[in-house]
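Below you'll find the structure, written out as structure tokens, and then a few comments.
The values are calculated or read from the model by the stated rules, or taken from the named source; none is laboratory data. All values reported here derive from a predicted model rather than from experimental measurement. Every residue, glycine as well, gets a Cβ built from its backbone with ideal geometry; the counts of neighbours run over all protein chains shown. Each accessible area value is taken on the protein alone, full model and side chains, heavy atoms only, with ligands, DNA and RNA left out. Shrake-Rupley method; radii C 1.70, N 1.55, O 1.52, S 1.80 Å.
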Amino acid sequence: MSRLEAKKPSLCKSEPLTTERVRTTLSVLKRIVTSCYGPSGRLKQLHNGFGGYVCTTSQSSALLSHLLVTHPILKILTTSIQNHVSSFSDCGLFTAILCCNLIENVQRLGLTPTTVIRLNKHLLSLCISYLKSETCGCRIPVDFSSTQILLCLVRSILTSKPACMLTRKETEHVSALILRAFLLTIPENAEGHIILGKSLIVPLKGQRVIDSTVLPGILIEMSEVQLMRLLPIKKSTALKVALFCTTLSGDISDTGEGTVVVSYGVSLENAVLDQLLNLGRQLISDHVDLVLCQKVIHPSLKQFLNMHRIIAIDRIGVTLMEPLTKMTGTQPIGSLGSICPNSYGSVKDVCTAKFGSKHFFHLIPNEATICSLLLCNRNDTAWDELKLTCQTALHVLQLTLKEPWALLGGGCTETHLAAYIRHKTHNDPESILKDDECTQTELQLIAEAFCSALESVVGSLEHDGGEILTDMKYGHLWSVQADSPCVANWPDLLSQCGCGLYNSQEELNWSFLRSTRHPFVPQSCLPHEAVGSASNLILDCLTAKLSGLQVAVETANLILDLSYVIEDKN
Amino acid sequence: MLSSMAAAGSVKAALQVAEVLEAIVSCCVGPEGRQVLCTKPTGEVLLSRNGGRLLEALHLEHPIARMIVDCVSSHLKKTGDGAKTFIIFLCHLLRGLHAITDREKDPLMCENIQTQGRHWKNCSRWKFISQALLTFQTQILDGIMDQYLSRHFLSIFSSAKERTLCRSSLELLLEAYFCGRVGRNNHKFISQLMCDYFFKCMTCKSGIGVFELVDDHFVELNVGVTGLPVSDSRIIAGLVLQKDFSVYRPADGDMRMVIVTETIQPLFSTSGSEFILNSEAQFQTSQFWIMEKTKAIMKHLHSQNVKLLISSVKQPDLVIYYAGVNGISVVECLSSEEVSLIRRIIGLSPFVPPQAFLQCEIPNTALVKFCKPLILRSKRYVHLGLISTCAFIPHSIVLCGPVQGLIEQHEDALHGALKMLRQLFKDLDLNYMTQTNDQNGTSSLFIYKNSGESYQAPDPGNGSIQRPYQDTVVENKDALEKTQTYLKVHSNLVIPDVELETYIPYSTPTLTPTDTFQTVETLTCLSLERNRLTDYYEPLLKNNSTAYSTRGNRIEISYENLQVTNITRKGSMLPVSCKLPNMGTSQSYLSSSMPAGCVLPVGGNFEILLHYYLLNYAKKCHQSEETMVSMIIANALLGIPKVLYKSKTGKYSFPHTYIRAVHALQTNQPLVSSQTGLESVMGKYQLLTSVLQCLTKILTIDMVITVKRHPQKVHNQDSEDEL
């Protein structure tokens, strides 16, 4: 019997953002995310105090999923970032830092939420339309005919995750592998609508990163003994495959809601086994070479099939079913009776392979878009981080395929964008305000808060006490090391801007990022030759960054708009 | 003593409760309102500006508070709007009542009579007041709506005869609605989305039925996607099911679908029966039979061009396999709501696998335009192009947002808007009593006469919807002629030209529809016989443009916008159907109706108007109770615009607006509203009646007895009047 209990009344708090507790928790969260940002970001070790799993990471997805946030406002913030990351994989920390900065900066101003939200929205749409426009000075087209830019994109992602613990050489190797794995998933003769394949990441922990590799087809892990038992097939033509999704263990399937009475002496097990052997006979007569089963195959059937030189592999698991279906072109069989001949598929060849201490059964496809990425790393935590990074990189490549543009990374986009907004709000405020009730002063204040939030994101790239500068022509970011002499010849100290597009040999003017500057027009429209010549650019995914920007501003607006928090205490 | 405190506190306690609720609710009312964050016990967070949700989330303990929340919930369930206004209005009413008792109680206190007696005296007084409230609500309110307020109503339909919806006025209505329901950075977008949805789903002849369907199945008609910006929300043609295909086989050409509610594969035994297995061979043959039977059924479906199987239960592997072999896509495990939605759209009953093997055609199949997987943020959905057999053209809304809480808020608001529209498109019957021995008598007589000319009286009370419409059609033709002739006369007059000149300030480049409607209203005000002008817009428009063609661009723009709002004079034109034979006596019962689609500009217009007319009414009243009740209601009504104009200063502050409005009413000039947007009169009317009912409920309670845990144990009759 259920117990009815009176509900406790909820706790209702007004103006939640003004309380000290919320401010401190927000600033703690901000400190955590800022310190993780960028290639020189600090790692976080997360463990739950009861022993068990320890996670070392600097990625937002791992970090936020392990953090336990209790305050509802923080929960809104973290879930919105997690949701962003789960749909775009990249730019999670950027979103988090920008959102925290926006809330903090705007709160200091003390304007009414209505004005703030309205203006933030205007500024956001200004950013979005600039980043999407032809004249945008911080994005470059992605050329799929050469691997250069794609490699830059992958490499930037790998270098920005220091917890992977990769050396320079390893980074090069892994980025090349990721790119290969991605290219293998693109169908060769695609017309119009492209359906991408899948790269499966196969773990191989405790090995050197350099040993990682990409293989076409699917690897099924097996014990050595099992593998020895499989007889080698020598066949010149493709192998015929039957893939079962139903169990072949001899269970009696669903008998309905009524009762089934079995007379004494009747053995249903035997009856079912007979049925299974009949199935085996059919498979033999259909000249099947390979039987794969998602669930369990009855040992007798297995034995029977082996006797007739058919390889039978069971317990494949549901995760491999879809790639297997796709690769072999089979139709998963759900019947123990007659099998339709067109539900068989084929593979080009099978072989056994040994990587490290693991043994695999390798299915080699005829022509398919499924590949396996064997990923090695020294220890568990570093491997987990590397796997997440690879997934991110693969996802980013997919997104880039849809929208073939990349943004300049290394903080250059943010500084450039901030310069653009400053210039726009100073020189053309009417076009932004239009028919709104906001005044120009309010716009200046909010724009300054917005730009400095963007610039603080960039500022958090620097963790070693260095200085960050910006040039007054392109609006790019330049960083100086901490121990450099204060007044010096800038071109000698600075070699390259953050993204690596420009070098200091040009006649440029620099100023400190945090100092007040006169607004200037950042040069738009990237010259083509500049993009072509640079081989080592730092690049970001356009789609992910655009969405990150939107999510950050929308979430900040949402949080600034809160007037009450009602906590259900049940 | 204790019980006396309880009784005296009944209004006081209710007021205290309502004031606390008002404080919370008033922060998110109106366009300037802000968001409230609610956490659920499960740890989820919900953003809301929905008054009903907030009140429920509070989990109030106080019995009166719980009663108020219940009243709000039941009101919301019906109308989908007005929870916040409910609380504010109730609070002001209670304040008014409390003020009266305070004034009267003081001398009593000095006299120090026995408290027990005073308590009962008070109780009976409250009872009188509550009865007076009830009388007001049932007998007087409708009359005021019909006789005074209706002349200010606008209609959302561009032509009342065919009830064609005017898109721009629907936009205004929805924008005003969403202003109070979703975050202010999204309300424009969401209202646009709703408007698009509305027009995409409707066929030209769809009626109330569509609203019912969409309202009932709103949960199934939208899909929430987290992690994307709100601006990615969109409308998709066809139905999106939140499931993936169990097996998908691309198909084209003539595609049919079936719905099943049980497993297609025959089972050994059904519920309540027994299956006796005597031999292994028997088992094998029955298994073989089952297999062959399933295969045959699926083949048969295939032969009938069935390409899609929709199942409310999980189908066995065997069925899925044979479906795949036969090129049939399968969607399993649909909820009963989803199945019933599909059935309502295509009017299809479930397919029952035939017992005996039949080669005949399967009766229960339906054509499908397409069925394909839809990928939203790397999650797969089933996208069906159903061919509708009802007036609803299936479309799904994809709602995106950074967090689930925000998506839920938007979903909630969209659903509320649907409810509001559903109410708006209903006619409202007004029944009231009027005194014929005062001035009203002549006017009601006039109405009677007027209506008698053009149409027969429909059945009182239970007149079907169909008939009055036919009447209206007949009437409208007459009216059209009248209007045209009248307008010709009107345009021959020289006055309007001059008069209109003065209204030019209203038609500034940033023309708002409400502004332009005033121009029209001016025209109507100039007309001596207001009743003559029906909502025939086009003749009026034509007339205008011929008469003032010299006016230039600015007016031209305003004429385009004029489409937005139309003047309904139907309220006063509608028949006074039932009149008691005893005309000569002092009272007569009238019944009339408010046509569907009546709206008023936002910004407290309804409240100020009703306030004004109620005060006028109260002046004419003879009975003290009636006067008092009218006064209290009239004053409480002003509480709502007061909150709405809280943040406004200077010319737009509440006192200025109020004075302007009253002045305009006194001099018979059109009301000027500083805000754009429209709101449903129906919603307001229902809100008013709900609040009054809630108040009568509160007033009739004389004592609150708290029973703790064990009712059988004898308790002191202690009351609870502390908050």
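Tell me the relative contact order for chain A as a rounded percent, counting alpha carbon contacts under 8 Å between residues six or more apart.
Reported relative contact order: 26 percent.
Given 0.36 nm per residue, what is the gain on full extension from B:Ala296 to B:Lys188 after removing their alpha carbon distance, in nm?
Full extension of this stretch gives 33.4 nm more.
Take the Cβ-Cβ distance between A:Leu196 and A:Phe50 as r, set R0 to 41 Å, and report the resulting FRET efficiency rounded to the nearest 0.05.
0.50
Just give the residues from the range B:208-234 buried by at least 30 square angstrom of accessible area in the all-chains context relative to the isolated chain, probe 1.4 Å, and say none if nothing qualifies.
So the qualifying set is B:Gly227, B:Pro229.
Report which residues of the range A:545-567 become buried by 30 Å² or more of accessible surface when going from the isolated chain to the complete set of protein chains (1.4 Å probe; DNA, RNA and ligands ignored).
Correct list: A:Gln550, A:Val551, A:Glu554, A:Leu558, A:Asp561, A:Leu562, A:Ser563, A:Tyr564, A:Ile566.
Please give the charge dipole size of the range B:6-102, origin at the Cα centre, charges +1 on K and R Cβ atoms and -1 on D and E Cβ atoms. Round to the nearest 20 debye.
Using only the charged Cβ atoms, the result is roughly 180 debye.
Between B:Asp70 and B:Cys390, 0.36 nm times their residue separation minus their Cα-Cα distance comes to what?
111.7 nm
Could you check how many percent of all C-alpha pairs in the range A:180-327 are farther apart than 17 Å?
72
Starting from the 7 Å offset along Cα-to-Cβ, what nm value, one decimal, do you get for the label separation of A:Thr70 and A:Thr319?
Here the modelled spin labels are 3.4 nm apart.
Residues of A:265-272, mean number of Cβ from any other protein chain within 10 Å of their own Cβ, rounded to a whole number?
Going residue by residue through A:265-272 and averaging, the value is 4.
Ballpark to the nearest 100 Å², how much total accessible area do A and B bury together, probe 1.4 Å?
Roughly 5700 Å² of accessible surface disappears when A and B pair.
Tell me, what is the per residue accessible area of the range B:6-102 in Å², probe radius 1.4 Å?
30
At 1.4 Å probe size, what's the solvent-accessible area of B:Arg660? Round to the nearest 10 Å².
Roughly 90 Å² of B:Arg660 is accessible to a 1.4 Å probe.
B:Glu625 versus B:Thr203, label points 7 Å from Cα toward the beta carbon: distance in nm?
Going from the B:Glu625 label point to the B:Thr203 one covers 5.4 nm.
State the extension gain, in nm to one decimal, for the chain segment bounded by A:Met307 and A:Arg180, taking 0.36 nm per residue of separation less the distance between their alpha-carbons.
Full extension from A:Met307 to A:Arg180 adds 41.8 nm.
Expressed as a whole number of Å, what is the distance separating the alpha-carbon centroids of the range A:376-423 and the range A:307-358?
36
Measure up B:Lys188/B:Lys369; A:Lys75/B:Lys40; A:Lys44/A:Lys161; A:Lys348/B:Lys307; A:Lys13/A:Lys75 against 22 Å on the Cα-Cα distance and list the ones that go over.
Correct reply: B:Lys188/B:Lys369; A:Lys348/B:Lys307.
Given R₀ = 60 Å, FRET efficiency for A:Ser263-B:Asp244 by Cβ-Cβ distance, to 0.05?
Efficiency computed from Cβ-Cβ geometry: 0.90.
Given a 1.4 Å probe, show me the residues in the range A:81-127 buried by at least 20 Å² of accessible surface when comparing the whole protein assembly to the chain alone.
Buried-area filter returns A:Asn83, A:Ser86, A:Ser87, A:Phe88, A:Pro113, A:Thr114, A:Ile117, A:Lys121.
How are the alpha carbon pair distances in the range B:6-102 distributed across 5 Å bins from zero to the largest one, expressed in percent?
That works out to 2, 13, 23, 23, 19, 11, 5, 2, 1, 0, in percent per bin.
For the pair B:Tyr652 and A:Ser511, what calculated FRET efficiency results from E = 1/(1 + (r/R0)^6), where r is the Cβ-Cβ distance and R0 = 60 Å, to the nearest 0.05?
Using R0 = 60 Å, I get an efficiency of 0.85.
Hey, rough spin-label estimate for B:Ser303 and A:His463, points 7 angstrom out along Cα→Cβ, what's it come to in nanometres?
Those two pseudo-labels are separated by 7.1 nm.
Solvent-accessible area of B:Cys166, probe 1.4 Å, all protein chains present, reported in Å² to the nearest ten, please.
Solvent-accessible area, nearest 10 Å²: 10 Å².
For every other residue with a beta carbon closer than 15 angstrom to the beta carbon of A:Ser338, add +1 if it is Lys or Arg and -1 if Asp or Glu, then tell me the sum.
+1
Among A:Thr470, A:Thr25, what's the order by accessible area (1.4 angstrom probe), most exposed first?
Accessible-area ranking of A:Thr470, A:Thr25, largest first: A:Thr25, A:Thr470.
Residue by residue through B:37-48, how many Cβ atoms from other chains fall within 10 Å of the Cβ on average?
Other-chain Cβ atoms within 10 Å of each residue's Cβ, averaged: 6.
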